Amino acid sequence: MCGTYGNMFRTVVAIALTVFLLGASGCADREQVRAKQMAAEADAASADDAACKPKGAPGTKPYEECRQQLAQARAEKSAIEYQRRRDFDRTLGAGTSDSGGSY
């Protein structure tokens, strides 16, 4: 009897450890994604600054308008990419759920 409980205990501990490690790796993945996102935003800000400085010094109207146009273009591009990914995911998921594919 004791051997059975020992095996069950080891199994439960192994499962708990696996769940913990998978959860911890998920946090690391999110942190890595966020770090990459922050680095990309910093790179974009630096590139925008370099592109807009010839139009005027930071704080001037031409410089600020340039930065605003670049930010708007980036936001539109991001929205289009998001829509494409969402459409692609919907296409892949069509017919695989009981909900009729509606979101």
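The values are calculated or read from the model by the stated rules, or taken from the named source; none is laboratory data. Fair warning: this is a prediction, and the values are worked out from it, not measured in the lab. When we count neighbours, we look across all protein chains shown, and the Cβ atoms used for this are built from the backbone with ideal geometry, even at glycine.
Among the residues of the range 54-103, just one is modelled with pLDDT under 90 and under 23 Å from A40 (Cβ atoms), namely D89.
Do we find that A51 is aliphatic (A, V, I, L, M), in a helix (DSSP H, G or I) and either over 24 Å from the mean Cα position of the chain (by Cα) or modelled with pLDDT of 95 or more (or both) in this structure? Against the criterion (aliphatic (A, V, I, L, M), in a helix (DSSP H, G or I) and either over 24 Å from the mean Cα position of the chain (by Cα) or modelled with pLDDT of 95 or more (or both)), A51 qualifies.
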